[in-house]
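Written below as structure tokens is the structure these notes are about.
Here, each number is a calculation from the coordinates, and none is a lab measurement. Here the structure is a predicted model, which is why all the values come from computation and not from measurement. Here the Cβ positions follow ideal geometry from the backbone for every residue, glycine too, while neighbour counts run over all protein chains shown.
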Amino acid sequence: IEKLAALGQLAAGVAHEVNNPLAGLRNAFELIKADLTPQHPHFELLELIDREIERVGAIIHQMYQLYGRTPQRPTEFDLGQAVRDVVNLLSRVASKRGVSLQAETADELPRVRLPEGEVKQVLYNLMQNAIQASPPGETVRVRIAGDRDEIAVRVEDRGAGIPDDVLPRIFDPFFSTKTGDVHAGMGLGLSVSRRVIEALGGRIDVDSRPARGSTFTAVFPAGAEISQEEAGDAHTEHDPEDPDC
Ligand code: ADP
């Protein structure tokens, strides 16, 4: 456990340190890019560099989320709107793959009191996975259902599903089956999501059938009192000075 904590601190430290030179790289590259015309012999490499810089940025961001995040303050917001925001953010990614991303959200939903950015990140990761798992022509459906205690966001795809021997490992950090793909993830999406949502007092449920598809359900606490309490816990839980951490 101690070794793991030390490793986590190291990872967070590295992530933090890499961010600055990365920002420098990104700025310098933007300048170069602005100067090169499509006639330049290496013009097509620009896209590649761009993508790879973004990829490094995403990895760093996720590592930071996983090991070094400072909990955000909870605010009151409409979860249905948050779902629609994330759907809008990903709709281009989805349509590029020929996948349709549909949110079915009721107009009247209880508002939640949670850190909105963290909630959106969890939803983003689940929807992105569902899109990546879907063959062209398929639809990813996102639904919200809630009662007084909890609100569940279901992300349902009709992809290949997750084989039984893979299922127990999908929440492990750096576990990914997408290694062959240039746009492959780092295997941090689900581990980050689980860590984030559990700190909020929620959970992620998975139901997956090979050849039928997968449904990931993010369950958030609905009560304002509960989430405030949890947010308080989350602050002490991530105190870097705490020797028990
Ligand atoms: P990454 O997306 O970078 O691979 P994740 O932690 O988000 O990392 O996911 C880990 C693994 O879980 C994926 O590589 C994939 O094998 C599996 N997985 C996650 N979501 C789905 C899904 N909707 N359908 C099928 N497999 C999935």
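Amide hydrogen proximity for GLU150: with H placed 1.01 Å from N in the peptide plane, the residues at 5 or more positions away or on another chain lying under 5 Å are ALA222. Counting every other Cβ atom within 10 Å of each residue's Cβ, HIS40, HIS61 order from fewest to most as HIS40, HIS61.
The dipole here belongs to the range 56-137: it is taken about the Cα centre, uses +1 on the Cβ of Lys and Arg and -1 on the Cβ of Asp and Glu, and is about 360 debye. Computed from backbone phi, the HN-Hα couplings of the range 21-37 come to x, 5, 5, x, 4, 4, 5, 4, 5, 4, 5, 4, 4, 5, 8, 8, 8 Hz, rounded to whole numbers (Karplus: 6.51 cos²θ - 1.76 cosθ + 1.60, θ = phi - 60°; Gly and Pro given as x). The stretch between ALA160 and GLN81 holds 25.5 nm of extra length on full extension. This uses 0.36 nm per residue minus the Cα-Cα distance. Counting every other Cβ atom within 10 Å of each residue's Cβ, MET127, MET63 order from fewest to most as MET63, MET127. Listed by Cβ neighbour count within 10 Å, with the fewest neighbours leading, LYS120, LYS33 appear as LYS33, LYS120. Packing, taken as the mean count of other beta carbons within 10 Å per residue, orders the peptides 132-140, 8-16 from highest to lowest as 132-140, 8-16.
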